[in-house]
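So the structure is just underneath, and the comments pick up after that.
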Amino acid sequence: MQNLEFQRELDLIREVTTLENDIITKVYGWQLEMFLIGEFEIDVLYSKQLTSPLTNYAFNVPHSLFQSKVFLEASDIWFENLQRKPAFSINNRDLNYAEIVSNLANNGYLPQPETAQSYLVWESLGLKQDKVLDAQTPSTTVLKTCNTKDEIDQFIEIFKICFQEDAAESDIEKYADLVLLSHNYKGPFEVKNFLIQGRGDQNFGCITLITDEKGNAKIYNVGVLPQFRRQGIGASSVLQAASIWSQNLEKGHLSLQTSEGSFAEKMYQELGFKKVCTQEIWVKI
């Protein structure tokens, strides 16, 4: 029984991370390329616009390759051609996790603490219905869908203020460009950018909800303006987004990522999100 539950969790992690990769390549315009090492195809994900360690890495690497000097040397060359440092995405539920990180450390790689991200998931069949129902009742804030150019301009301006402490100054404008790209996206994903508003259309923050054809969704860009933080606005907006997503759903999952050990991580878990794994980026120093 325990093995079945463990396998189910691994399958869920695989679904969530696959959805994440699909969204950031198709909606946010990242590049997904493969290079061959012997009989293995290695996936490398990177952003042409962003250059921080979290924005380029190889993933789904077979465990055995981390023991191969040939593989690590070949990956050095591949990343060098991209003009990026070699980087690998590892999650702490990977089989042989301890051995993988030991091999990376022995070959000159170090974990980047600022890139450690917790994946949290809310499954529709396991939703805390009382919380979702609360989100459907009148509250001090509402989510206003950005439809017009003026509304998306407001969203981007709020986004810049909310996340200026979390991104390098040189990157914040590029992140804002990605928000605009998602707003103009046309394809199989449904993208909804929302302003978090109070009475009199006062803007408190922003939030994005992206849903695939199967009903699985991911929340991005949860931002609250500094003067309105620690008032429950972020939690309320996440619940309202969950309420929008869960309407008429019989299955599926809602996921998000946040910095490991952060205040936000604790808040999401209190709302009913389950932490399934932590993603780490290991970079060649």
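The table below gives the values:
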read-out	value
Residues being more than 24 Å from Gln164 (Cα to Cα), assigned to a strand (DSSP E or B) and in contact with a Leu (Cβ under 6 Å, 6 or more places away or on another chain) - total across the stretch 221-262	0
Top-ranked residue of the stretch 168-197 - restricted to ones that are part of a loop (DSSP other than H, G, I, E, B) and modelled with pLDDT of 90 or more, ranked as surrounded by the fewest Cβ atoms within 10 Å (Cβ to Cβ)	Lys186
Which listed residue, of Glu99, Glu73, Glu80, is more than 19 Å from Asp22 (Cβ to Cβ), touching a helix residue (DSSP H, G or I) at 6+ places or on another chain (Cβ under 9 Å) and surrounded by fewer than 17 Cβ atoms within 10 Å (Cβ to Cβ)	Glu99
Positions within the stretch 76-120 being free of Cβ contacts under 8 Å to residues at least 40 places away in the same chain and of a type in the set (Ser, Thr, Tyr), in sequence order	Tyr97, Ser102
Which listed residue, of Glu213, Glu165, Glu265, Glu157, is assigned to a helix (DSSP H, G or I) and surrounded by fewer than 17 Cβ atoms within 10 Å (Cβ to Cβ)	Glu157
Test result for Ile210, of a type outside the set (Gly, Ala, Ser), touching a Leu at 6+ places or on another chain (Cβ under 8 Å) and in contact (Cβ under 8 Å) with a residue 12 or more places away in the chain	no
Test: residue in the stretch 19-36 that is more than 15 Å from the chain's Cα centre (by Cα), within 17 Å of Ile90 (Cβ to Cβ), buried (at least 17 other Cβ atoms within 10 Å of the Cβ) and at pLDDT 85 or above	no
Residue tally, condition touching a Leu at 6+ places or on another chain (Cβ under 9 Å) and assigned to a helix (DSSP H, G or I), over the stretch 23-73	8
Yes/no for Val44 being buried (at least 17 other Cβ atoms within 10 Å of the Cβ), among the aliphatic types (A, V, I, L, M) and out of contact with any Ser or Thr (no Cβ under 7 Å at 6 or more places or on another chain)	yes
Members of the stretch 72-105 found to be closer than 19 Å to Tyr119 by Cα and of a type in the set (Phe, Trp, Tyr), listed by number	Phe88, Tyr97
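The rows are residues; the columns are (1) at positive phi; (2) crowded, with 20+ Cβ neighbours inside 10 Å; (3) touching a residue at least 12 places away in the same chain (Cβ under 8 Å); (4) out of contact with any Asp or Glu (no Cβ under 9 Å at 6 or more places or on another chain).
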residue	(1), (2), (3), (4)
Asn221	yes, yes, yes, yes
Leu225	no, no, yes, yes
Phe228	no, no, yes, yes
Thr278	no, no, yes, no
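The values are calculated or read from the model by the stated rules, or taken from the named source; none is laboratory data. No experiment lies behind these values; they were computed from the predicted model shown. All Cβ positions, even for glycine, are placed from backbone atoms using ideal geometry, and neighbour counts span all protein chains on display.
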